[in-house]
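Reading through the structure tokens given below for one structure.
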Ligand code: CUA
């Protein structure tokens, strides 16, 4: 009688020890992953990190107001430059062509912001002091919403821009009128 109780206790203890070992191993692996990736990124920061001086952003360089919006380079490449700030994007309405690679270049003047364009893969964080850049292609014409998706303060949920994806013909026709394109309505 006491023999069976003792062996049952022994089995339960062994099972508990096994599970404790599994749980401790999982925690150990996670901690090790954190340490290894932390050391790796500290020792070898990602390449092509571009910095920009927040204090002179509005005064000189590529993010001055007159240079914001969509530009077609001499090589035909399309670049969108924009600024994120509490609580708006500048320009508030972006124009891009469909089925053509578009490079975004964005930075922030104050807090950490971010944006995503509709349901496309155009998605980045925008961090003060750094230039966020990515290249993507839009496959559907029409208007997309572009909300800020990093909590940046009390006005976060009101921080939106719009993106108009135009056909190549419409885009090129519009680009003949100006060096920097946007769909911001001017009074
Ligand atoms: Cu900007 Cu949230």
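None of the figures in this text is laboratory data; all of them are computed from the coordinates on show. Every value quoted in this text rests on a predicted model; they were computed, and no experiment measured them. Cβ sites come from the backbone with ideal geometry, for glycine too, and all protein chains shown count toward neighbours.
What's the angle, to the nearest 10 degrees (0 to 90), between helix 2-43's Cα axis and the longest principal axis of the chain?
30
For segment 136-187 and segment 84-133, compute the distance between their C-alpha centroids and round to whole Å.
10
Taking Cα pairs under 8 Å and at least six residues apart, what relative contact order does segment 1-108 come out at, in percent?
Numbers: 74 pairs, mean separation 17.5, N = 108.
Dividing the mean separation by the residue count of segment 1-108 yields 16 percent.
Relative contact order of segment 45-187: what whole-number percent is it, with Cα pairs under 8 angstrom and at least 6 residues apart? Provide the component values of the computation, followed by the final result.
Details: 325 pairs, mean separation 38.3, N = 143.
That works out to 27 percent.
Evaluate the distance, in nm, between pseudo-label points positioned 7 Å from the Cα of residue 88 and of residue 37 along their respective Cα→Cβ axes.
3.7
Starting from the Cα-Cα distance between residue 53 and residue 156, subtract it from 0.36 nm times their residue separation and give me the gain in nm to one decimal.
Details: separation 103, 0.36 × 103 = 37.08 nm, distance 2.36 nm.
Roughly 34.7 nm would be gained on extension.
Restricting things to alpha carbons, find the Rg to Rh ratio for segment 66-138 using the Kirkwood radius for Rh. Numbers along the way, then the final one.
Details: Rg = 11.8 Å, Rh = 12.5 Å.
Dividing the radius of gyration by the Kirkwood radius yields 0.95.
So what is the calculated 222 nm ellipticity per residue for the chain, using -39500 (n - 2.57) for each DSSP H run with n of 4 or more, over all residues, to the nearest 500 deg cm²/dmol? Don't skip to the end; give the middle numbers.
Numbers: 2 runs with 50 residues, N = 187.
Computed mean residue ellipticity for the chain: -9500 deg cm²/dmol.
Relative contact order of segment 71-149, please, whole-number percent, based on alpha carbon pairs below 8 angstrom and at least 6 residues apart. Don't skip to the end; give the middle numbers.
Numbers: 155 pairs, mean separation 22.9, N = 79.
Result for segment 71-149 is 29 percent.
What is the antiparallel percent of DSSP beta bridges lying wholly in the chain, to the nearest 5? Don't skip to the end; give the middle numbers.
Values: 27 of 41 bridges.
Once the DSSP bridges in the chain are tallied, antiparallel ones form about 65 percent.
Given the peptides 28-38, 117-127, arrange them by the average over their residues of other C-beta atoms within 10 Å, most packed first.
Working: 28-38: 10.0, 117-127: 16.8.
Put in order of decreasing packing, that is 117-127, 28-38.
Under 1.5 on a/c is rounded, so check that first for the chain, then, if it is not, pick prolate when a/b is larger than b/c and oblate when it is not; a ≥ b ≥ c are the square roots of the alpha carbon gyration tensor eigenvalues.
Prolate.
I need 44, 100 ordered by Cβ neighbour count within 10 Å, fewest first. Don't skip to the end; give the middle numbers.
Numbers: 44 8, 100 15.
Ordered from fewest to most neighbouring Cβ atoms within 10 Å, 44, 100 come out as 44, 100.
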